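Right, one structure below, let's go through it.
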Amino acid sequence: MKKGKILIIDDEQELVTTLAERLNIRGYEAHGLSNFAGAFKFLNDVLDVVILDIGLQDTDGLEVLKRIKEINPSIQVIMLSGYGDDERINKSLQLGAFDYLIKPVEIEDLISKIETAKQKKEKSK
Amino acid sequence: MMDKPFAFIGKIIADFTHEINNHLALIKESAGLISDVCRGKKTIDKKEMPYIIESVEAIENQINKSVNFITYFNRFAHRMDSFKSTFKLNAVVEEMYELLKRYLNRKKVSFNYELPSNLPDVDSSPFILQFVIFYAIDSFLKKSQPGARIFMTADRENDLIKLIIKYEGEFNENISQDIWPLFSVQEIVSNTNIKISATEKTMNIEINL
């Protein structure tokens, strides 16, 4: 049994593929997208965590965060961005992000956040 | 008065570090994937080789991209070494293009420039000129609509070099960001040989030779 279903949305396709592969190796079912357009089919599904970049090609990451929370509030969203300014961090948390991590991130730190986010999702059921 | 040049430098540094963080993230994840595949093994399975080769190639590509980007950033930083110097306009514009590319992409606005290769060297403040170019592009981007286009040309007229930055497209009527007033930028350039004027969709920058 898989440890959890994760969706990674980041405009850097190579990063999406590599990160998904590393999560798959660790027992998760990770899917990757380089834009938001293809995300809808996942959002009504049994998805635990979305790992989301702020700067996407087709739309603003904060807008995506807002829409994810509108569609399925139980999905936990971890922001993963190269930007580390207070404004983006605070805005993300205000919009309901579970946490905000700054790239590059240690895989073990990311997994620790994913596990805590999953627990929060379970409790909210 | 100096808050605007500082804001310009801050914007360039923030975008630069963001970009480098993205490059480092891919390098880190690619190296991590190699480590994941190889950990605890004496030999590598044939089917795992593509992961390793692709990851090594990704690391190499990303390092090359980073080196290229850092070169532009380093050149930009050295533009502030002295207030006045002799420089090539094409080089100054190229740096701004490379450093603002991601900002333009985020706004979904294309930017092209076409400068004659035979322009004479300019004796002015390269940093202030880059600030003025940034001001022109930033003013358009703050009210731009996706799909718009910014085009820059230059020409020599007697003892002047004229830079024209044109916006092609519609503006967003609901502007959420502050746009610096033109007079405040004119004040900053007032002790240089650079002049700036504007109409709704065109910025004109003149440099006295």
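Just so it is clear, none of the values below were taken in a lab; they were calculated from the coordinates. In this text the structure is predicted, and so the values were computed from the model without any measurement. Note that each Cβ is placed from the backbone with ideal geometry, even for glycine, and that neighbours are counted across all protein chains shown.
Is it the case that region A:50-71 has a residue that's assigned to a helix (DSSP H, G or I), among the acidic types (D, E) and away from every other protein chain (no Cβ under 11 Å)? Checked region A:50-71: at least one residue is assigned to a helix (DSSP H, G or I), among the acidic types (D, E) and away from every other protein chain (no Cβ under 11 Å).
Apart from one condition, A:I8 fits all of (1) farther than 21 Å from B:N61 by Cβ; (2) touching a residue at least 24 places away in the same chain (Cβ under 8 Å); (3) β-branched (V, I, T); the exception is (1). Answer with yes or no whether A:L47 is outside any helix (DSSP H, G or I) and closer than 25 Å to A:S124 by Cβ. Criteria met by A:L47.
In this structure, is B:A14 under 30 Å from A:D85 (Cα atoms) and either in contact (Cβ under 8 Å) with a residue 40 or more places away in the chain or more than 8 Å from chain A (Cβ to nearest Cβ) (or both)?
Numbers: under 30 Å from A:D85 (Cα atoms): yes; either in contact (Cβ under 8 Å) with a residue 40 or more places away in the chain or more than 8 Å from chain A (Cβ to nearest Cβ) (or both): no.
No: the conditions fail for B:A14.
Here is a check on your reading of the model: is B:A136 within 17 Å of B:I9 (Cβ to Cβ) and in contact (Cβ under 8 Å) with a residue 40 or more places away in the chain? Criteria met by B:A136. For region A:10-38, filtered to residues that are more than 14 Å from chain B (Cβ to nearest Cβ) and within 20 Å of A:K113 (Cβ to Cβ), the residue that is surrounded by the fewest Cβ atoms within 10 Å (Cβ to Cβ) is A:E29.
Just for region B:92-128: of the residues that are more than 12 Å from the chain's Cα centre (by Cα), among the hydrophobic types (A, V, I, L, M, F, W, C) and away from chain A (no Cβ under 14 Å), which one is surrounded by the fewest Cβ atoms within 10 Å (Cβ to Cβ)? Across region B:92-128, the extreme among qualifying residues is B:L119. Take B:D138 and decide whether it is within 21 Å of the chain's Cα centre (by Cα) and part of a helix (DSSP H, G or I). For B:D138, the condition - within 21 Å of the chain's Cα centre (by Cα) and part of a helix (DSSP H, G or I) - is met.
Every residue, every condition in (1) out of contact with any strand residue (DSSP E or B) (no Cβ under 6 Å at 6 or more places or on another chain); (2) touching a residue at least 40 places away in the same chain (Cβ under 8 Å); (3) small (G, A, S); (4) buried (at least 19 other Cβ atoms within 10 Å of the Cβ), yes or no:
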| position | (1), (2), (3), (4) |
| --- | --- |
| B:L141 | yes, no, no, yes |
| B:Q177 | yes, no, no, no |
| B:I188 | yes, yes, no, yes |
| B:K201 | no, yes, no, no |
| B:E206 | no, yes, no, no |
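Among the candidates A:K125, A:K91, single out the residue that is assigned to a loop (DSSP other than H, G, I, E, B) and over 15 Å from the mean Cα position of the chain (by Cα).
Details: A:K91 fails: assigned to a loop (DSSP other than H, G, I, E, B).
From the options A:K125, A:K91, the qualifying one is A:K125.
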